[in-house]
Amino acid sequence: MGEMAIDLRRMARQKPEVVPVAAIPPPQSGPGEQLVRRFLWIGICALLLALAGVWWVAHRTDSAAETTPAVEIAIVPFTTNGGYNGEPTISPDGQTVAYVPPKTDWNKLRYSTY
């Protein structure tokens, strides 16, 4: 017990060594630690982005279902020709539809327009 008291007195008489903060070098991290830190930040950002997407989809579908009434849609074909009926256009008066029907003779190089 006596030695401890002597050591405590000796420590009390000594002036503490003050080291300026600028003299202490920052801890050096290796390339492995930097890679782990980078992947950690990428993972956190991806998780936040995924959570925001899930929240957006959940709230978007709820509000759209509540505000939009259900409407029945009847699909009516414009033509009765089988096969390709392409390049449709509406006439200037808006009464008829012009289109290119399928070729009946493949030796001819032009299409008929109806």
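The values are calculated or read from the model by the stated rules, or taken from the named source; none is laboratory data. Everything numeric in this text was worked out from a predicted model, so none of it was measured. Please note: Cβ atoms are built from the backbone with ideal geometry, for glycine as well, and neighbour counts cover all protein chains shown.
State yes or no: is G94 small (G, A, S), surrounded by 10 or more Cβ atoms within 10 Å (Cβ to Cβ) and at pLDDT 75 or above?
Details: small (G, A, S): yes; surrounded by 10 or more Cβ atoms within 10 Å (Cβ to Cβ): no; at pLDDT 75 or above: yes.
So G94 fails the test.
Can we say T79 is polar (S, T, N, Q), in a loop (DSSP other than H, G, I, E, B) and modelled with pLDDT of 65 or more? Spell out how you get there, then give the answer.
Numbers: polar (S, T, N, Q): yes; in a loop (DSSP other than H, G, I, E, B): yes; modelled with pLDDT of 65 or more: yes.
Yes.
What tally of residues in region 9-42 results from selecting those that are of a type in the set (A, V, I, L, M) and surrounded by 10 or more Cβ atoms within 10 Å (Cβ to Cβ)? Don't jump to the end; show me each part of the working.
Keep residues of region 9-42 that are of a type in the set (A, V, I, L, M), which gives 11-12, 18-19, 21-24, 35-36, 40, 42.
With the extra rule that they be surrounded by 10 or more Cβ atoms within 10 Å (Cβ to Cβ), the set shrinks to 35-36, 40, 42.
Counting residues in region 9-42 that are of a type in the set (A, V, I, L, M) and surrounded by 10 or more Cβ atoms within 10 Å (Cβ to Cβ) gives 4.
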